[in-house]
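The values are calculated or read from the model by the stated rules, or taken from the named source; none is laboratory data. This structure is a prediction, so every number in the text was calculated from the model and none was measured. A quick note on method: Cβ atoms are made from the backbone with ideal geometry, for glycine too, and the neighbour counts reach across all protein chains shown. Surface areas here come from the heavy atoms of the whole protein model, side chains and all, with no ligands, DNA or RNA. Shrake-Rupley method; radii C 1.70, N 1.55, O 1.52, S 1.80 Å.
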Amino acid sequence: MYNYTIIGAGIVGLATAYQILQKQPGARLLILEKESDVSKHQTGNNSGVIHSGIYYKPGGLKALNCSKGYKLLLDFCDQNEIKYNLCGKVIVAIDEREVNYLDTLYERGIQNGLMGIRKLTADELKEIEPHANGIAALHVPQTGIIDFKEVSVKLRDLIIENGGEFKFNEEVVSIKKSNGGIEIITESSNYKTENLISCAGLHSDRITKMTNKEIPLRIIPFRGEYYKLRADKNYLVNTLIYPVPDPAFPFLGVHFTNMIDGGVEAGPNAVFAFKREGYSKFAFNFRDTFESLSWRGFHKVMFKYWKTGLGEYYRSFSKMAFVKALRKLIPEIEASDLVAGGSGVRAQACDIKGGLLDDFFIFEEKNIFHVCNAPSPAATSSLAIGDYIANKVLEHNS
């Protein structure tokens, strides 16, 4: 009988386990993971950005956890000698309409406690990013870059040092509740636990339904595809260059990201994925596709965003369309400057009314906690999310 069992060894599950063991040394804690090691999906395929929290509605879980998580993450990295770089970023407006939304982002940043953010003129933008195009911008010094896989591996090692157990290659197939605790059945074993926490990312809705079939959301996978700049073109980007986001769409648009290893990524787009772990253009899974396309809420999303969706697919198959989008930020970019990069799949929760959930969402049920929606900036926020869940679980058991 374990005191705590966590399903999922992405960075949120790892951070939660770490925080529980910090607060309750000696607890019997188990992490179940269907892959062979930690952070094989969303955590291991993201762009490695330490987010500042400037985009998020003040008072929401994203804003609160990003602010707290940012500080916890930097402290953790300092204590464990994990490399990061607070290089800053610019959010660039290319027309007057976007300038108005920059003002909104600036006010959000101030309300979320950011220090040092400043509005830039076109000339001031050129001083930071000489090759960027824009009539105005925001400079956000708190944004940084990191390898979240390195953070995850360190968390894994510390969890083991503190007595936590990992069971890899264990896919959960069902969960049974009883007065004697919770039984978790995998493809090869059974485990009993007093408290269950699921951080299952792309499969979070399926795991949640194992204990509550009425959960009113479904995970819709969106693939983000990247190019990389050729090494001799890395000089075009000094920090991170982002467009002004569309406030109606929960993605940030294609942008340029300096990487902690020295390269520069360009992207991502955001296309509907026909497989929850589909990292290539032609990846397909019947169950995943059927569950997405049969969800009434997603029908409303498709009707509302069909033009945007077609544009994203066009960019997926047309390099020149991708280049055209990037040229809004750096006009001198050529197709020959880009080489194929990687991709990641984002677990985007969609409710029955067609809302793409923008904030974190944790479903609580007595001694069961399901992280149902944890999109970006979940990696930045992971230690704060873990702290929040750990406090909730320990409060329940006190």
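Annotations
- When both the range 47-78 and the range 130-185 are represented by their alpha-carbon centers, they are found 14 Å apart.
- Extension gain, LYS392 to ASP123, is 91.9 nm, computed as 0.36 nm per intervening residue step minus the present C-alpha separation.
- Remark: the Cα gyration tensor places the range 1-104 in the prolate category, a/c being 1.5 or greater and a/b exceeding b/c.
- Peptides 234-241, 266-273 ranked from most to least packed, by the mean per-residue count of other Cβ atoms within 10 Å: 266-273, 234-241.
- Those aspartates and glutamates that a straight Cα-Cα span of less than 16 Å connects to LYS167, excepting residues fewer than 8 apart in one chain: GLU33, GLU35, ASP37, ASP157, GLU183, GLU187
- Pairs of Lys residues in the range 219-322 that lie 8 or more places apart, or on two chains, and have C-alpha atoms under 25 angstrom apart add up to 13.
- Dmax and Rg, reported as Rg then Dmax, of the range 162-294 (C-alpha, Å): 20.1, 63
- Average accessible area per residue (Å²) across the chain - probe 1.4 Å, nucleic acids and ligands excluded: 43 Å²
- Of all aspartates and glutamates in the structure, those lying under 17 Å Cα to Cα from LYS324, and not within fewer than 8 positions of it along the same chain, are ASP95, GLU225, GLU265, GLU312, GLU332, GLU334, ASP337.
- A DSSP coil position with no more than 16 other Cβ atoms inside 10 Å describes the following chymotrypsin sites (Phe, Trp or Tyr not before Pro) in the range 120-216: PHE168.
- Candidate lysines - alpha carbon under 18 Å from LYS213, same-chain residues fewer than 8 apart omitted: LYS176, LYS177, LYS353, LYS366
- Summing Cβ point charges (Lys, Arg +1; Asp, Glu -1) relative to the Cα centre of the range 212-256 gives a dipole of roughly 160 debye.
- Calculated FRET value between LYS324 and GLN111, using beta carbons and R₀ = 35 Å, to 0.05: 0.50
- Where the Cα pairs of the range 299-398 fall when distances are cut into 10 Å bins, in %: 12, 28, 27, 20, 10, 3, 0
- The range 341-360-the range 219-239 distance, computed between alpha-carbon centres (Å): 20 Å
- Of the residues GLN142, LEU155, ALA17, the one whose Cα sits farthest towards the positive end of the charge dipole of the range 16-159 is ALA17 (charges of +1 on Lys and Arg Cβ, -1 on Asp and Glu Cβ, taken about the Cα centre).
- Considering helices alone, the calculated mean residue ellipticity of the chain at 222 nm is -11000 deg cm²/dmol, with DSSP H runs of length four and up weighted by -39500 (n - 2.57) and normalised per residue.
- Segment GLU187..LYS281, full-extension length gain: 30.9 nm, with 0.36 nm per residue of separation and the alpha-carbon distance subtracted.
- The chain - Rg and Dmax from Cα coordinates, angstrom: 21.0, 67
- Percent carbon-and-sulfur accessible area, the range 85-166, ignoring ligands, DNA and RNA, probe 1.4 Å: 47 percent
- Dipole-positive endmost among PHE290, HIS41, PHE274 within the chain (Cβ charges, Cα centre): PHE290
- Extreme residue, positive dipole direction of the chain, given options PHE303, ILE207, SER376 (C-beta unit charges): PHE303
- At least 24 Å along the helix axis (C-alpha) and Kyte average at least 0.0, DSSP helices within the chain: 378-397
- Surface share of carbon and sulfur [accessible, 1.4 angstrom probe, percent] for the range 289-398: 60 percent
- Mean separation of Cα pairs under 8 Å and 6 or more residues apart, divided by the residue count, gives the chain a relative contact order of 25 percent.
- The length gained by stretching the chain between ARG28 and MET1 to full extension, at 0.36 nm per residue less their Cα-Cα distance, is 8.9 nm.
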